[in-house]
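Participant: The structure's right below; bear with me while I get my questions together.
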Amino acid sequence: MEYHSIMKNIQIDEAVLIIKVSKLFQLTLSKDELYEITRGVWRVSSSRCEKVEYVFSVHKEVVKEVYKVNTWHPALTTKYQTRTEKDITLNGEISMNGRWEFLGHVAESMIRDKYINKSVSFLFSQGAANPLKYVNC
């Protein structure tokens, strides 16, 4: 059983994009694999994503990692180390039109300590299908 702090009133002060990675998440993921399933490829608003400072990688409503965004790019225009194009597009079944990916790095300790292992469940209505949520953007 995994332990995490649940804080219903967590205060998010930064411009954040929360990404639920639950479909691809596994406890055995390496740090690089978690980064790559989090960074791409998503149907996001190009104007809104430009405002995003940090991306939260979320599994089961709990923040697993926080990334500082450097730049956004159209889907599949940057190199992946742990994922193939075939894997990302589900063997060509997913169109990359309107999808984006970011390049970034693990956020600084002060930001990570503030959010990792905290619940963001209060931000999502029950049964919400969209894996993305903008906060302060």
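Participant: So which residues in region 12-32 are without any contact (Cβ under 8 Å) to a residue 60 or more places away in the chain and within 18 Å of ASN70 (Cβ to Cβ), if there are any at all?
Facilitator: Correct list: ASP32 only.
Participant: Related question: So, in region 54-73, how many residues would count as being acidic (Asp, Glu) and either touching a Gly at 6+ places or on another chain (Cβ under 9 Å) or at pLDDT below 95 (or both)? Give the steps one after another, and end with the answer.
Facilitator: The initial filter retains those residues of region 54-73 that are acidic (Asp, Glu), namely 61, 65.
Now restrict to residues that are either touching a Gly at 6+ places or on another chain (Cβ under 9 Å) or at pLDDT below 95 (or both): 61.
The total comes to 1.
Participant: Still on this structure, please answer the following. Out of (1) in contact with a Leu (Cβ under 6 Å, 6 or more places away or on another chain); (2) without any contact (Cβ under 8 Å) to a residue 60 or more places away in the chain, what's the single condition that is false for VAL52?
Facilitator: Evaluating VAL52 over (1) in contact with a Leu (Cβ under 6 Å, 6 or more places away or on another chain); (2) without any contact (Cβ under 8 Å) to a residue 60 or more places away in the chain leaves (2) as the failure.
Participant: Sticking with this structure for a sec: Just to be sure I understand, how many residues within region 79-98 are surrounded by 11 or more Cβ atoms within 10 Å (Cβ to Cβ) and part of a loop (DSSP other than H, G, I, E, B)? Explain how you work it out, then say what you get.
Facilitator: Taking region 79-98 first, the residues surrounded by 11 or more Cβ atoms within 10 Å (Cβ to Cβ) are 80, 82-83, 85, 87-89, 94, 96, 98.
Subsequent filtering for residues that are part of a loop (DSSP other than H, G, I, E, B) retains 80, 82-83, 89, 94, 96, 98.
Going through region 79-98 one residue at a time, the tally reaches 7.
Participant: Anything in region 16-32 that is modelled with pLDDT of 95 or more and surrounded by fewer than 17 Cβ atoms within 10 Å (Cβ to Cβ)? List them, or say none.
Facilitator: SER30, LYS31, ASP32
Participant: Something else: Return the total of residues in region 24-36 being farther than 20 Å from HIS73 by Cβ and in contact with a helix residue (DSSP H, G or I) (Cβ under 9 Å, 6 or more places away or on another chain).
Facilitator: Here is the first cut: in region 24-36, the ones farther than 20 Å from HIS73 by Cβ are 25-31.
Okay, now just the ones that are also in contact with a helix residue (DSSP H, G or I) (Cβ under 9 Å, 6 or more places away or on another chain), so 25-26, 29.
Residues that pass the stated criteria total 3.
Participant: Still on this structure: Regarding GLU101, is this residue within 16 Å of VAL16 (Cβ to Cβ), acidic (Asp, Glu) and outside any helix (DSSP H, G or I)? Reasoning before the result, please.
Facilitator: Values: within 16 Å of VAL16 (Cβ to Cβ): no; acidic (Asp, Glu): yes; outside any helix (DSSP H, G or I): yes.
Judged against the criteria, GLU101 is not a match.
Participant: Given the conditions (1) more than 16 Å from ASP87 (Cα to Cα); (2) surrounded by fewer than 21 Cβ atoms within 10 Å (Cβ to Cβ), which single one is not true for PHE56?
Facilitator: It fails just one condition, (2).
Participant: Among the residues of region 99-137, which ones are free of Cβ contacts under 8 Å to residues at least 60 places away in the same chain, exposed (fewer than 13 other Cβ atoms within 10 Å of the Cβ) and not charged (D, E, K, R)?
Facilitator: Of the residues in region 99-137, the ones free of Cβ contacts under 8 Å to residues at least 60 places away in the same chain are 99, 105, 107-110, 112-114, 116, 125-130.
Adding the requirement that they be exposed (fewer than 13 other Cβ atoms within 10 Å of the Cβ) leaves 105, 108-110, 113, 125-130.
Within region 99-137, HIS105, SER109, MET110, SER125, GLN126, GLY127, ALA128, ALA129, ASN130 meet the criteria.
Participant: Still on this structure: Is it the case that LEU76 is in contact with a Ser or Thr (Cβ under 7 Å, 6 or more places away or on another chain) and either surrounded by fewer than 18 Cβ atoms within 10 Å (Cβ to Cβ) or modelled with pLDDT under 95 (or both)?
Facilitator: Values: in contact with a Ser or Thr (Cβ under 7 Å, 6 or more places away or on another chain): no; either surrounded by fewer than 18 Cβ atoms within 10 Å (Cβ to Cβ) or modelled with pLDDT under 95 (or both): yes.
Considered against the rule, which asks whether it is in contact with a Ser or Thr (Cβ under 7 Å, 6 or more places away or on another chain) and either surrounded by fewer than 18 Cβ atoms within 10 Å (Cβ to Cβ) or modelled with pLDDT under 95 (or both), LEU76 comes out as no.
The values are calculated or read from the model by the stated rules, or taken from the named source; none is laboratory data. Owing to the predicted nature of the structure, the values given are computational and were not obtained by experimental measurement. FYI the Cβ positions are ideal-geometry reconstructions off the backbone, even for glycines, and counts take in every protein chain you see.
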